[in-house]
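The values are calculated or read from the model by the stated rules, or taken from the named source; none is laboratory data. Treat the numbers as computed from the prediction; the structure is a model and nothing was measured. Cβ placement follows ideal geometry from the backbone for every residue including glycine, while neighbour counts extend to all protein chains displayed. Each accessible area value is taken on the protein alone, full model and side chains, heavy atoms only, with ligands, DNA and RNA left out. Shrake-Rupley method; radii C 1.70, N 1.55, O 1.52, S 1.80 Å.
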Amino acid sequence: MPEALLRQCAMLRAIPRQPQGIDAVALKARLFDEGFNVTLRTVQRDLEALSSIFPLTCDTHMRPYAWAWERGAVHDMPGMDSSTALTFVLADELLRPLLPRTSLTHLEPHFAQARVTLDQLSATSGLRTWRERVRVLPRGLRLRRADVPTDVLDVVYDALLRERRFEADYSARQTGDTKHYQVSPLGLVVRDSVTYLVATLRDYADIRQLALHRFSNPGATDLSLNRPHGFDLDAYIAQGAMGVSTGEAPVALVALFDTDAAEHLAETPLGDNQRLTPQDDGRIRVEASVPDNRELRWWLQGFGAQVEVLAPASLREEFQRMAQTLAERYGGET
């Protein structure tokens with residue numbers, strides 16, 4: 001698609017419907033923001049040409065002249081503007097490592113259109129070159145995501161939207177046994193490389209967490225959900241069901257960090273009440289109210305010997321036991 005046609009499509013999308021309007025100067029600025037650097041005269045010529053094809057009107061009683069789609073005109077312009085295209089490309093780079101391949105199937109046409117739109121911009125377009133200057137990097141080791149069969153994804157998503165049960169085989173991780181279940185989907189939770197379905201089975205009230213990639217042979221039903229009374233997905237997660245929280249309230253963390261390890265906390269604090277206090281031995285005392293969850297422990301463990309937990313006492317005892325175990329396994333002394 002020539003750049004002139006892309007520009008004219010962008011113009012048509014930027015023109016409002018009556019009674020609103022936009023003048024050529026404002027339209028030129030809008031095009032510049034989308035990566036099209038053209039003269040005012042080019043914009044004016046394009047408007048004249050487009051008005052002979054599309055139901056556009058020009059209010060000559062205003063100064064400057066205001067252009068608009070006529071009232072009641074149907075205009076559903078295909079394609080996407082360059083800023084939206086860049087957003088889709090960046091979203092593709094961020095989401096692709098996190099979601100199962102089949103989860104991205106419905107977005108793939110938009111990602112493809114976004115790449116085409118950016119590729120067809122002129123070589124001097126700032127948005128086109130920006131794509132080459134932006135990268136999304138993960139923190140920590142990136143695990144290969146678990147792929148979900150397409151038929152499973154379609155049936156589960158449909159059941160969630162219709163609030164209906166579905167049937168499927170499920171393979172347990174511990175035993176490897178496969179059983180057929182009637183499943184009531186209550187919500188989806190994506191954690192790292194795995195997508196979990198929060199659900200009840202058959203007519204039982206207990207809530208289960210089922211890895212989506214372990215389902216097979218799915219089938220839809222018209223049966224109503226078996227939803228526990230008062231179930232709320234956010235409350236369920238907050239209670240620690242997904243391993244996110246191990247306590248009902250935040251804890252007052254006190255820890256000593258080596259200076260290098262604590263540097264980033266000055267710019268990205270743990271919370272509004274964080275306090276950093278330099279110590280005589282060169283370390284930094286960090287005090288903050290933080291969630292009492294597994295992420296806190298994984299984050300602290302990532303610093304290794306660069307951090308010493310002082311409080312709460314129960315967390316310090318956990319790290320003491322961990323240090324004891326590590327010393328024993330590596331043949332050292334505590």
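Brief remarks follow.
- THR195 passes every criterion in (1) closer than 19 Å to PRO228 by Cα; (2) under 23 Å from the mean Cα position of the chain (by Cα) apart from (1).
- Taking the criterion of being part of a strand (DSSP E or B), over 22 Å from LEU95 (Cβ atoms) and among the β-branched types (Val, Ile, Thr), the residues of the range 180-231 that qualify are VAL183, THR200, THR221.
- The range 157-197 - residue that is without any contact (Cβ under 8 Å) to a residue 40 or more places away in the chain, closer than 22 Å to THR105 by Cα and not hydroxyl-bearing (Ser, Thr, Tyr) and, of those, most open to solvent (accessible area, probe 1.4 Å): LEU161
- Scope the range 299-308; condition in contact with a helix residue (DSSP H, G or I) (Cβ under 7 Å, 6 or more places away or on another chain) and either open to solvent by 30 Å² or more (accessible area, probe 1.4 Å) or not β-branched (Val, Ile, Thr) (or both); matching residues: PHE303, GLN306
- Given (1) assigned to a helix (DSSP H, G or I); (2) at pLDDT below 75; (3) under 30 Å from GLN44 (Cα atoms), index of the condition THR117 fails: (2)
- Failed criterion for THR200 (all others in (1) open to solvent by 30 Å² or more (accessible area, probe 1.4 Å); (2) polar (S, T, N, Q); (3) modelled with pLDDT of 95 or more hold): (1)
- On inspection, LEU99 passes the criterion of being within 27 Å of the chain's Cα centre (by Cα), at pLDDT below 85, surrounded by 15 or more Cβ atoms within 10 Å (Cβ to Cβ) and not in a helix (DSSP H, G or I).
- Boolean, PRO291 is open to solvent by 70 Å² or more (accessible area, probe 1.4 Å) and within 31 Å of the chain's Cα centre (by Cα): yes
Table: residues versus (1) small (Gly, Ala, Ser); (2) modelled with pLDDT of 95 or more; (3) assigned to a strand (DSSP E or B); (4) open to solvent by less than 70 Å² (accessible area, probe 1.4 Å).
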site	(1), (2), (3), (4)
ALA261	yes, no, no, yes
PRO269	no, no, no, no
ARG297	no, no, no, yes
LEU310	no, yes, yes, yes
GLU317	no, yes, no, no
GLN320	no, yes, no, no
THR325	no, no, no, yes
GLU328	no, no, no, no
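- When residues of the range 271-280 are limited to those that are open to solvent by 60 Å² or more (accessible area, probe 1.4 Å) and not acidic (Asp, Glu), the one nearest to the chain's Cα centre (by Cα): ASN273
- Some residue of the range 222-236 being closer than 27 Å to TRP299 by Cα and free of Cβ contacts under 8 Å to residues at least 12 places away in the same chain: yes
- Cβ-Cβ under 8 Å pairs, at least 6 apart or on other chains, the range 296-325 side under 24 Å from ASP281 (Cα atoms) and free of Cβ contacts under 8 Å to residues at least 40 places away in the same chain, far side in a helix (DSSP H, G or I) and of a type in the set (A, V, I, L, M): GLN301/MET322; PHE319/LEU300
- Taken across the range 258-275, residues that are touching a Phe, Trp or Tyr at 6+ places or on another chain (Cβ under 7 Å) and touching a residue at least 24 places away in the same chain (Cβ under 8 Å) do occur, with at least one present.
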